[in-house]
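Heads up: the structure comes next, in structure tokens.
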Amino acid sequence: MRVVLVGPPGAGKGTQAQFIASHLAIPKISTGDIFRFNVSTGTELGRQAKAFMDRGDLVPDEVTIAMVHSRLQETDAQAGFLLDGFPRNVPQAETLKKILIEWEIRLDIVLELVVDDDEVVRRLSGRRTCRRCGHVWHVLFDPPARPETCDDCGGELFQRDDDREETIRHRLDVYQQQTAPLISFYADEGILLGIDATGPVEEITDRSLSALRRFIC
């Protein structure tokens, strides 16, 4: 089975990707993992990507696509895969479609984790990180016994800049600008399936697997 997982920051894509891929016995392929592997092992693509990242520039689509193309050719991805974080825009989606057509295969489904902006802000802005050990707590879902103090090591808890509401809402605006056309693209392809991504992690996983069950041979 070949699946693409999409959704805004804070939708729980990483967690759901892991559970779904494990259940389907297919590799979870994320752009983050691919980038880290290529950079750490010093591949030619990794060196190209690192040059852009070191300058603070975005890695061009062609480099990202080349990395994904290479990863999809590995043995473990031949019977199926779950893509998390790719494609991010319509040009990437069009290129992925062309690659799969050349290989005489296709995507089975694009699973969209649907969650409203206020819920995303509630999830992400409530995170607090320990300055000493790095443990991440949440003021609502996983609060420490004493506010602003880490239960594990007694270190001071703080809110990262990335977890501030104004930063989160900016990221959501960028996501909507880049991804709304991507959602429309896959809806037009007839393979988009939206899943309510609110509630406990286990319930979201159950919804996702139930929706995918009719596509599993």
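Rule-based calculations on the coordinates, nothing more; no lab input. Just so you know, these numbers come straight off a predicted model, no measurement behind them. Methodologically, a virtual Cβ is constructed for each residue, glycine included, from the backbone with ideal geometry; neighbour enumeration extends over all protein chains shown.
Contact order for the chain, expressed relative to its length and based on alpha carbon pairs under 8 Å spaced 6+ residues apart, stands at 27 percent.
Would you kindly give the portion of the calculated P(r) for region 1-91 that falls above 16 Å, as a percent of all Cα pairs?
Within region 1-91, distances greater than 16 Å cover 56 percent of Cα pairs.
Compared with the dominant principal axis of the Cα atoms in the chain, helix 44-54 is inclined by about 40°.
Between 0 and 90 degrees, the angle of helix 90-102 with respect to the longest Cα principal axis of the chain falls at about 40 degrees.
Sorting 72-85, 98-111 by their mean Cβ neighbour count within 10 Å, with the most densely packed peptide first, gives 72-85, 98-111. Calculated on C-alpha atoms, the gyration radius of region 143-217 divided by its Kirkwood radius gives an Rg/Rh of 1.15. For region 59-151, the fraction of alpha-carbon pairs lying more than 21 Å apart is 55 percent, rounded to a whole number. Against the main long axis of the alpha-carbon atoms of the chain, helix 13-24 sits at an angle near 50°.
For region 1-90, the relative contact order comes to 47 percent (Cα pairs under 8 Å, sequence separation of at least 6).
Here's the list of aspartates and glutamates a cross-link from residue 97 could span, going by alpha-carbon distance under 12 Å and ignoring same-chain residues fewer than 8 apart: 108, 189.
Translational diffusion coefficient of region 60-110 at 10 °C, 1.306 mPa s, Stokes-Einstein with Kirkwood Rh over Cα pairs, in µm²/s as a whole number. Let's see the in-between values first.
Values: Rh = 11.3 Å.
This corresponds to a translational diffusion coefficient of 140 µm²/s.
Direction-averaged shadow area of the convex hull around the Cα atoms of region 97-204, nm²?
Details: hull surface 37.6 nm².
With every direction weighted equally, the projected area is 9.4 nm².
Based on alpha-carbon atoms, the Kirkwood radius and the radius of gyration of the chain give Rg/Rh equal to 0.99. Here the alpha carbons of region 1-44 define both size measures, Rg and Dmax, at 12.2, 33 Å.
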